[in-house]
Amino acid sequence: FKNINDNYGHDMGDKVLKHLTFLLEENLRNIDILGRLGGEEFGILLPNTEPDQAMILAQRLRQIIEENSLTVKEQLIPLTVSIGLSSFTPDIINLDDLLKRADIALYQAKENGRNCVVKFS
């Protein structure tokens, strides 16, 4: 988002956030919980979802976002996302632990070249 805000202005950054939110909401179930964690980070809780199913969904969301770049005033703004996945395990004490693990996986995704999904391990 820093590049978008720097190159196109904060109004465009806001449009990108709204576009991403629309794409995510259109492709999640009613029981899934989407929230913006801050800045350019979103979190999605997927109740009753096995890790393999979460990986399939994350890959699908990544692809949908990549294929639905935003065009404003004939200006194409390509979009990609990096996704970090974490699952509840017996050693997770609270939501903060779950989010920390997802954040670690997210940074691994960014280090792997971005526009990919990494599961915490």
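The values are calculated or read from the model by the stated rules, or taken from the named source; none is laboratory data. Values in this document were obtained by computation on a predicted structure and should not be read as measured data. Please note: Cβ atoms are built from the backbone with ideal geometry, for glycine as well, and neighbour counts cover all protein chains shown. Accessible surface is based on the protein model in full, side chains and every heavy atom, while ligands, DNA and RNA are left aside. Shrake-Rupley method; radii C 1.70, N 1.55, O 1.52, S 1.80 Å.
Could you give me the ³J(HN,Hα) list for region 43-49, computed from phi with Karplus coefficients 6.51, -1.76, 1.60 and θ = phi - 60°, whole Hz, x at Gly and Pro?
Once θ is set to phi - 60°, the couplings for region 43-49 become x, 10, 9, 10, x, 6, 10 Hz.
If you only keep lysine pairs separated by 8 or more in sequence, or across chains, how many in region 7-121 come under 18 Å at the Cα atoms?
5
Using a 10 angstrom Cβ neighbour count of at most 12 plus a DSSP loop assignment to flag exposed trypsin sites (Lys or Arg not before Pro), which longest range of the chain is free of such sites?
So the longest stretch without any such site is 30-72.
Enter the accessible area per residue of the chain (Å², integer; probe 1.4 Å; all protein chains in place).
67
For the chain, treating each Cα as an identical point scatterer without solvent, what Debye log10 I(q)/I(0) comes out at q = 0.15, 0.18, 0.20, 0.23 1/Å?
-0.70, -0.99, -1.20, -1.51
If you take every DSSP beta bridge whose two residues both sit in the chain, what share of them, in percent to the nearest 5, is antiparallel?
75
With charges only on Cβ, +1 for K and R and -1 for D and E, what is the dipole size of the chain about its Cα centre, in debye, rounded to 20?
140
Given a cut-off of under 8 Å on Cα pairs at least six residues apart, what relative contact order in percent is computed for the chain?
RCO, the chain: 18 percent.
Which of 1, 78, 88 sits farthest toward the positive end of the charge dipole of the chain, with +1 on the Cβ of Lys and Arg and -1 on the Cβ of Asp and Glu?
Result: 78.
Of all the accessible heavy-atom surface of the chain, with the other protein chains kept in place and a 1.4 Å probe, what percent is carbon and sulfur?
50
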